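Shown next, in structure tokens, is the structure this report addresses.
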Amino acid sequence: MKDRNAIVLAGVILLAPLPAFAQFVSEAVTTEREMVVTAHPLATDAGAEALEKGGNAVDAMVAVQAVLGLVEPQSSGMGGGAFVVYFDAATGETTTFDGRETAPAAASETRFIGPDGEPLGFVDAWQSGLSAGVPGTPRLLEAMHDAHGRLPFGELLEPARELAANGFQISGRTSEQVAGLLARNPSCTDRLFFRDPVAFAYFTDGGTETCSAKPAGTLVTNPGYADLMGRLAETGADGFYEGPVAEAVAAAVAGDPHLPGDMTAADLAGYEVVEREPVCSEYRGYRVCGMGPPSSGAIAVGQILGILEGFDLGDAPLAPDVVHLFAQAGRLAFADRNLYVGDTGFVTVPVAGLLDEAYLAGRAALISRDGNDIGKAEAGTPPGTFDPAAPATPQPERGTSQVSIVDSFGNALSMTTTVESSFGNGVMVPGFGFLLNNELTDFSFRFEEDGRPIANRVQPGKRPRSSMSPTIVFDAEGEVFLVTGSPGGASIIGYTAQSIVNVIDFGLDPQQAIDVPHHQNRNGATNLEAPRPGVSAYDADALKAALEARGHEVEVGEMTSGLSVIKVDEGRLLGGADRRRDGTVGGR
């Protein structure tokens, strides 16, 4: 497997023609038959191996997710959830699978309201049993495999089981993120992050007075995770949602040493994956399909693109005019997102109205090129039916990963998978080696504003609103053109939309599209990515000044996307992986 990736990745070091936005841009990886892009080399290996054995995109996804949950636990895992957009070449149908976590049956609107009647601080809510939703990932893997898989389910879990049993090296990114959390709570005798002894022993040196993250390259084993993979191989997802694993999850939530939660084994036994119609929009002759509510991804990405449709963006991805227009489109999309979007099992979301061509043209008319429209945008009034609601205050989102796959059968899959914040809620389930999520902090902590209910308030059994934006783009003939998506919390929406614009409007290949410095606006300050020497050197100060001249409040800093992008190009596959993380491309 190492030799295969060495051959495939060799193309990454070649320099492509240099667009004006950067001094150094690497060329996309090219394969002829199939491709998988993930955030970690071991996960890419597992997916590529499944494809080589005759498996399809779903088989590769199962293998990839099982490994990611082990080697990139800060971002996704069996204790989390995911959204998948899937194109079935045999039927020509595109569908989406909702494996989002759900609130326990005992959850109430006041879940995150403290004794003083005010919302809890985010860290207190995050690092608690209250934040853990009922995991969806194991049931999602099984449901998709039952519907579309080719290889035996247990065989696909074997790479993860072997790595867990025999050992793997902790990555630099994992070690750095552990260190970052320890630094926020430096006393090892009075800690909040990794507060349970299982997670503390697994990720740190185990010191009693001072502690540190296990360094990159440390060989670790995870016997509990190996056991979990064996159980899933033998019994399917029931081995997670019933019996010892479910009981251990419920006990870990109820026994949280900071704030206990109320998830029960019955909540786990009742979890169901929901297959939904994709939410699709048009952009310059292409059809862009993604995940609808409870995700805001397809709506917000579609709104940004629909608003930009009426503007000529020219040929320079970082021209001040382009960045201004993209920021303003994002500002308007996020105003609508924060008011209208929630779980459609509980609230009425005007999906079609929010993507209506005439409505978006009206929103675009609010944008002036000279910046006179700068300021916090108000939500519009789209056509269609919706519930009276108050805007929600967005919560931080961080711990996520992206998987993009095209197989030799022509199927395509985009999956965004998560445990929510970095390392989920920080508690590792004893005996089974996986972290719990803190997905419920994606709900609004307040349940009403000025007497109006908030669409994304906590309710029992509800799925919290998400920014995850797994996306497949089709050309005018209905053929798969682009598979994309990213981690990055609420910034996922901007990262995904920008990758599409970079390919369609500026003609960049997937690696170039990823390497373009990021810019976006979530209805506040306009964010610019700091230059990354050797990858995307550009004059950030000049761009900042040009935007400030139009009235933007500009913040320059790190914007750590994790884009995984595949383009289908005249029978070839072109792939790009995000070097802001540990992404790699595999295939043949």
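Of note:
- Checked against the criteria, VAL178 counts as touching a Phe, Trp or Tyr at 6+ places or on another chain (Cβ under 6 Å) and either outside any loop (DSSP other than H, G, I, E, B) or open to solvent by 40 Å² or more (accessible area, probe 1.4 Å) (or both).
Table: residues versus (1) small (Gly, Ala, Ser); (2) modelled with pLDDT under 95; (3) open to solvent by 20 Å² or more (accessible area, probe 1.4 Å).
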position	(1), (2), (3)
THR264	no, no, yes
GLU282	no, no, yes
GLY285	yes, no, yes
VAL288	no, no, no
PRO294	no, no, no
ALA319	yes, no, yes
ALA335	yes, no, no
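- Residues in the stretch 317-328 that are among the hydrophobic types (A, V, I, L, M, F, W, C), in contact (Cβ under 8 Å) with a residue 40 or more places away in the chain and out of contact with any strand residue (DSSP E or B) (no Cβ under 8 Å at 6 or more places or on another chain): LEU325 only.
- Top-ranked residue in the stretch 181-218 [being of a type in the set (D, E, K, R) and buried (at least 18 other Cβ atoms within 10 Å of the Cβ); ranked as nearest to GLY433 (Cα to Cα)]: ASP196
- Pairs where the first residue, in the stretch 565-577, is over 15 Å from ILE472 (Cα atoms) and the second is in a strand (DSSP E or B) and open to solvent by 10 Å² or more (accessible area, probe 1.4 Å), C-beta under 7 Å, 6+ apart: ARG572/THR30; ALA577/THR584
- Filtered residue count, the stretch 515-558, keeping only those that are open to solvent by 10 Å² or more (accessible area, probe 1.4 Å) and under 18 Å from VAL301 (Cα atoms): 4
- The residues of the stretch 476-498 that are assigned to a loop (DSSP other than H, G, I, E, B) and either touching a residue at least 12 places away in the same chain (Cβ under 8 Å) or open to solvent by less than 10 Å² (accessible area, probe 1.4 Å) (or both), listed by number, are ALA476, GLY478, GLU479, GLY485, SER486, PRO487, GLY488.
- Restricted to the stretch 297-386, the set of helices (runs of 4 or more DSSP H) holding at least 2 residues that are touching a Leu at 6+ places or on another chain (Cβ under 6 Å) comprises 297-308, 320-340.
- Annotation: of all residues in the stretch 85-143 being open to solvent by 10 Å² or more (accessible area, probe 1.4 Å), of a type in the set (D, E, K, R) and touching a residue at least 40 places away in the same chain (Cβ under 8 Å), the one that is nearest to VAL565 (Cα to Cα) is ASP88.
- Figure legend. Inter-residue proximity from the stretch 173-189: first residues at negative phi, second residues modelled with pLDDT of 95 or more and acidic (Asp, Glu), beta-carbon distance below 8 Å, spacing 6+ or different chains. Indicated pairs: ARG173/GLU72; THR174/GLU72.
- Scan the stretch 166-175 for residues that are part of a helix (DSSP H, G or I), surrounded by fewer than 20 Cβ atoms within 10 Å (Cβ to Cβ) and of a type in the set (S, T, N, Q) and the total you get is 2.
- If the condition is being under 27 Å from HIS40 (Cα atoms) and touching a Leu at 6+ places or on another chain (Cβ under 6 Å), then the stretch 174-210 contributes only PHE193.
- Residue check for ASP146: at pLDDT 95 or above, surrounded by fewer than 20 Cβ atoms within 10 Å (Cβ to Cβ), out of contact with any strand residue (DSSP E or B) (no Cβ under 8 Å at 6 or more places or on another chain) and on the phi < 0 side of the Ramachandran plot: yes
- Only one entry of ALA254, ALA250, ALA213 meets the criterion of being among the aliphatic types (A, V, I, L, M) and closer than 19 Å to GLY69 by Cα, and that entry is ALA213.
- Just one of the numbered conditions (1) closer than 27 Å to ARG150 by Cα; (2) open to solvent by less than 10 Å² (accessible area, probe 1.4 Å); (3) touching a Lys or Arg at 6+ places or on another chain (Cβ under 6 Å) is not true of SER408: (2).
- Residue among LEU313, LEU308 that is at pLDDT 95 or above and crowded, with 20+ Cβ neighbours inside 10 Å: LEU308
- If you go through the stretch 219-243 and keep only what is open to solvent by less than 40 Å² (accessible area, probe 1.4 Å) and not in a loop (DSSP other than H, G, I, E, B), you end up with VAL220, GLY224, TYR225, ALA226, LEU228, MET229, GLY230, LEU232, GLY239, PHE240, TYR241.
The values are calculated or read from the model by the stated rules, or taken from the named source; none is laboratory data. Fair warning: this is a prediction, and the values are worked out from it, not measured in the lab. All Cβ positions, glycine included, derive from the backbone under ideal geometry; neighbour counts span all protein chains shown. We work out accessible area using only protein heavy atoms, side chains counted, and drop any ligands, DNA or RNA first. Shrake-Rupley method; radii C 1.70, N 1.55, O 1.52, S 1.80 Å.
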